[in-house]
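Below is one structure; the comments refer to it alone.
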């Protein structure tokens, strides 16, 4: 596919026109829908890689004769790979464009996932889950960078909420698919299915995703320039505040993702299918609140106010879960705990899109590197949270609730201490009103 040229139906324009007409043409609208679907598929890849596998975790512990903490390291390895991979792919996409690094990453992802299905023991499974994460990072970081290439201000925040609708369908569907796969085959069948998904998404990217970063906007430097760019981003107190707040909120979410299969199935005795249903309901809450954020709140309410409210709800939900799981409220069953998890998950729909949008608004000059730092911080903190929730074994859900509460409190502290939302920003630093799609 050439890297520039006129817009045609079914082809995403590689370099948008410098001026936008008052009303978009039908071909432009089709291209906009197409880029939304493609980027949604790329952002759905991480939850697919994680969540289709979740119902199989107890079976993997039995099949590979490994303790729960070791099997949870397969999640940690994938998450750490996605974190570290973004540090490489993000700057590469600023230098070489978005398309080529993305295609290479997708091909490696497919190969690593296929090997995971054949792993004879936990060590090899952990190793190739790490490689799977390293390669899958390309889809995450480049999808965010493409959004920054095309949109700005309020429109960017709305687009992130739209992506949450598409990618949020993956956590809803993936555990249900994983549970049904386990009815007819073993845990290896989950990785066979993920291999097929990876192949299909690679073909879609190759055929329909054009280049969105023109050569004139690329960085010609090497590793040294990439490191200097990242150092400059980290020196920005407000950017770092949003990055850390988003990363810690994601860690609270991942503590749930990592621990919930054991909490729901082992502690409360639910079946894999019941776990998948509860997980899907929680994901519906996240998607629904994300759409309320994008359709009703963005552009009407300050992004910082919405973000602060979301972090407060996450903190309160985590505190309630700690009280319930520790026995401070007496013996509670699955339903109250599931309700607390539903509230926590739903509030993520206010926190995650707005931390990304607020941070990326400050970095039009290095969207790939900024996206890499945002993703890396989230996945690294999540990778640390994953083994901590299993530190007490499978007998109690208290470690999950403790990790969630500590991460939520840390996110609030970073937001208030570094972003300082009550202080006026310098002109041009915060453009929450009147943002329009970028045109070149």
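We did not get these values from a lab; they are worked out from the coordinates using the rules stated. Worth saying up front: this structure is predicted, and the values here are computed from it rather than measured. Every residue, glycine among them, receives a Cβ derived from its backbone with ideal geometry; neighbour counts consider all protein chains shown.
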Checklist entry - So what is the diffusion coefficient of segment 295-379 in µm² per second by Stokes-Einstein at 20 °C and 1.002 mPa s, using a Kirkwood Rh over Cα pairs? => result 145
Next on the checklist: If I stretch the segment between residue 231 and residue 305 completely, what's the gain in nm (0.36 nm per residue apart, minus their alpha carbon distance), one decimal?
Outcome noted: 23.8 nm
Item to check | Ranked packing of 282-294, 88-100, most packed first, by mean Cβ within 10 Å | outcome: 88-100, 282-294
Next on the checklist: Could you list 268, 242 so that the one with the fewest beta carbons within 10 Å of its beta carbon is first and the one with the most is last?
Outcome noted: 268, 242
Next on the checklist: Starting from the 7 Å offset along Cα-to-Cβ, what nm value, one decimal, do you get for the label separation of residue 208 and residue 271?
Outcome noted: 3.6
Checklist entry - Between segment 248-287 and segment 49-71, how many Å separate their Cα centres? => result 14
Checklist entry - Can you give me the Cα centroid spacing of segment 180-218 and segment 332-406 in angstrom? => result 24
Item to check | Mean projected area in nm² (Cα convex hull; one quarter of hull surface) for the chain | outcome: 19.9
Checklist outcome for this item: Tilt, helix 153-184 to longest principal axis of the chain (alpha-carbon atoms), in degrees rounded to tens, equals 40
Checklist outcome for this item: With -39,500 (n - 2.57) per DSSP H segment of 4 or more residues and division by the full residue count of the chain, the 222 nm estimate, nearest 500 deg cm²/dmol, is -25000 deg cm²/dmol
Item to check | Whole-number Å³ per residue for the convex hull built on Cα positions in segment 357-418 | outcome: 84
Checklist entry - Pairing the Cα long axis of helix 26-51 with the longest principal axis of the chain, what angle in degrees results, from 0 to 90 and rounded to the nearest 10? => result 30
Checklist entry - Stretch residue 423-residue 192 to full length: gain in nm at 0.36 nm per residue minus the Cα-Cα span? => result 78.0 nm
Next on the checklist: Tell me the volume per residue, in Å³, of the convex hull enclosing the alpha carbons of segment 202-324.
Outcome noted: 217
Checklist entry - Given a Förster distance of 60 angstrom, what is the FRET efficiency for residue 100 paired with residue 332, based on the Cβ-Cβ distance and rounded to 0.05? => result 0.70
Next on the checklist: Give me the mean projected area, in nm² to one decimal, of the convex hull enclosing the Cα positions of segment 71-214.
Outcome noted: 9.0
Item to check | Hull shadow area, averaged, segment 253-355 [alpha-carbon convex hull, nm²] | outcome: 6.4
Checklist entry - Viscosity 1.567 mPa s, temperature 4 °C: Stokes-Einstein D of segment 77-161 from its Kirkwood Cα radius, in µm² per second? => result 96
Next on the checklist: I'd like to compare 143-149, 245-251: which one has the highest average count of other Cβ atoms within 10 Å, and what's the full order after that?
Outcome noted: 245-251, 143-149
Checklist entry - Helix 303-325 versus the longest principal axis of the chain: what angle, 0 to 90°, nearest 10, using Cα atoms? => result 10
Next on the checklist: From zero outward in steps of 10 Å, how is the percent of C-alpha pairs of segment 24-147 spread across the bins?
Outcome noted: 14, 40, 27, 14, 5, 1
